[in-house]
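What follows draws every value from the coordinates through simple rules; no lab data is involved. Given the structure is predicted, the values throughout are model-derived calculations rather than measurements. Note that each Cβ is placed from the backbone with ideal geometry, even for glycine, and that neighbours are counted across all protein chains shown.
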Amino acid sequence: MSEPEGRDGAWTEERQARKERGRDEGRRRREAPRRRANQEMLTQEPMNPNVLEVEDLRVRIASKRGVVRAVDGVSFEVPRGEALGLVGESGSGKSMTLKAVLGVLPPEAHVASGQVRLDGTDLIRLNQSTLNRVRGPKISMIFQEPMSALNPVMRVGQQISEGPRIHLGYSRARAEERSLDLMRRVGIPDPERRYRAYPHEFSGGMRQRVMIAIALSCEPEIILCDEPTTALDVTIQDQILRLLVRLCQETGVSLVFVTHDLPVVAQVCRQVAVMYGGQIVERGDVHDVLLNPRHPYTLGLVRSAPDVEYVQDSLRPIPGAPPSLIDPPDGCRFHPRCDFAEDDCRTGTVPLRLLDGSRATRCLHHERCTEALAADRSSS
């Protein structure tokens, strides 16, 4: 009786193996078109040294009081492997710019005009299906509040594994291995145990590390960071910033880093663009811009931040309030709050003018900023 049982057992195992091979083959056939499309995107030869180019981007938001010009003619480039900072006070259009780049605007908002070129491909013109294939393998985002961005009823490891399984065609085991490796790299202790934990079981800093792991999971070329350290205390904030800088250097990924904190942008970024009233008002090397601002708004930001090198009796806040983006003022949008405003600042359109190299300003009397800052420092 033992021989027939052996033959029956072998036959059963063979039948099970055939079923498994059939399922695997069916899965490969179903995923082949998606893998080919993703591979074409991932292996496309770079057209220029910039991974991202935003040109004349305009975003409009419908409201009961009128149309809000949330982003009004924004242009910038992000070189490969470098970090660009977008700074400005709340309501200046920083986060809306990132959402427009990624194609995740709220329902009441839309891109009125402009181009967002990722490796030469205009994301604005892509349909939703193609855009979904770009998010993850090419571009990803770290949101401001991880507890809102993470799925509360889905284990953390599954959320990290989801991208590689969908976009890269990884098996469950390989995606789990990738997730555990990422958890180690971003500094999450005991990853084998924390892989099966839920977001509410993590601290704020650990949740933000999970968001960074998710953003890196499909090896994108660029990550958009929407104030990722705002809700963290200064100690954890410093850890997260150091982690982002290290990962950027190790992987060669580019960053667009949105913040209102000047020391943060100086720590993370090489280039900076200052936004005010939905427009970029100054752009250039981060140290040049912060040490020698050429726009009165940037000067106001520098004056309102503590400086350990110069003794100040008190910080100098920027007077007034940001402009209405439904009916912005003519001319320079900062002129109602500016100490240097002249008649020519109040009429017409003030363009972003190139000064030297990558340095640009939207100020007609920018030399007065240098004089004012020199006077501040000589009196300290």
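Here are a few things to note about the model shown:
- Across the alpha-carbon set of region 294-378, the Rg to Rh ratio works out to 0.99, Rh being the Kirkwood radius.
- Hull volume in cubic angstrom per residue (convex hull over the Cα atoms of region 125-172): 100 Å³
- Approximating the spin labels as points 7 Å out from Cα along Cα→Cβ, the ARG270-to-ASP122 distance works out to 2.9 nm.
- Exposed-site-free run, longest, the chain (rule: trypsin sites (Lys or Arg not before Pro); DSSP loop; at most 10 other C-beta within 10 Å): 66-380
- Calculated on the Cα set of region 41-127, radius of gyration then Dmax: 13.8, 47 Å.
- Over the chain, dividing the summed -39,500 (n - 2.57) contributions of all DSSP H runs of at least 4 residues by the number of residues returns a 222 nm mean residue ellipticity of -12500 deg cm²/dmol.
- Acute angle (nearest 10 degrees) that the helix 367-378 long axis makes with the longest principal axis of the chain, alpha-carbon atoms: 90 degrees
- Percentage, to the nearest whole number, of Cα pairs in region 229-378 over 18 Å apart: 62 percent
- With both residues required to sit in the chain, DSSP beta bridges show an antiparallel share near 65%.
- Bins of 20 Å, starting at 0 and running to the largest distance - Cα pair percent for the chain: 25, 50, 19, 5, 2, 0
- The fraction of Cα-Cα pairs per 10 angstrom bin, counted from 0 for region 86-233, comes to 11, 38, 34, 16, 1 percent, rounded to whole percents.
- Whole-Hz ³J(HN,Hα) from phi, Karplus 6.51 cos²θ - 1.76 cosθ + 1.60, for region 121-133, glycine and proline x: 9, 6, 5, 4, 8, 6, 6, 5, 5, 5, 4, 5, 6
- Ratio Rg/Rh, restricted to region 152-258 and using Cα atoms, in which Rh is the Kirkwood radius: 0.94
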